[in-house]
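The next block holds one structure in the form of structure tokens; read it before the comments.
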Amino acid sequence: MRFKPSDVQRTRNEQAYIDTLVVPLIPIGFGESMHAFAECADMTTTVASEVERQLSGRAMLVPGLTYVDLPSLDQLNSWREAASAEQFRFVTFITADLRWKETAVEDIVYVPRLSLETMSRDQQGQMVGNFVGQVLEQLGNRWTAL
């Protein structure tokens with residue numbers, strides 16, 4: 001499911017089954033770091049979209065939370081609280097921004113930043129597939145932990 005009117009309505013109608021919210025964390029930067037942040041954004045959105053595709057009927061993908069400076073933990077908690085107050089028992093943030101590894105946020109799934117545009121289609125599919133598998137494994141662990 002994606003954050004569009006038809007999918008939102010379906011999510012509301014089937015809220016007993018759609019319990020996972022996927023939030024891409026997208027860094028924005030300018031100057032020397034612009035290219036690196038663009039690679040982060042590309043990898044993050046590609047993996048998040050594929051996770052949503054594979055979990056259709058279980059997860060909703062919302063538009064990415066874009067930022068120049070890392071959002072505060074209070075902002076992430078606000079997302080978590082707002083989503084869980086309605087229907088989403090599981091909120092997962094996905095990012096390729098290495099700066100998140102320095103925080104103590106448990107529900108951020110980190111995927112490595114790679115330049116997808118320099119890879120062949122087959123290489124892209126293989127790399128993204130590997131990272132999606134890791135995300136799905138972490139989500140599966142969260143789902144079964146309850």
- Query: Just one of E50, E32, E39, E14 is out of contact with any strand residue (DSSP E or B) (no Cβ under 9 Å at 6 or more places or on another chain) and more than 26 Å from E117 (Cβ to Cβ); which is it?
  - Reply: E14
- Looking across the stretch 9-29 at residues that are free of Cβ contacts under 8 Å to residues at least 40 places away in the same chain and surrounded by 13 or more Cβ atoms within 10 Å (Cβ to Cβ), the single one that is farthest from Q54 (Cα to Cα) is G29
- Return the total of residues in the stretch 103-138 being within 28 Å of D19 (Cα to Cα) and acidic (D, E). 3
- Item | Matching residues, the stretch 125-146, being without any contact (Cβ under 8 Å) to a residue 12 or more places away in the chain and of a type in the set (S, T, N, Q) | Q126, N130, N141, T144
- Note on the structure: Picked from the stretch 64-113 (must be basic (K, R) and within 20 Å of G29 (Cα to Cα)), the residue modelled with the highest pLDDT is R99
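The values are calculated or read from the model by the stated rules, or taken from the named source; none is laboratory data. In this text the structure is predicted, and so the values were computed from the model without any measurement. Ideal geometry is used to build each Cβ from the backbone, glycine not excepted, and the neighbour counts take in all protein chains shown.
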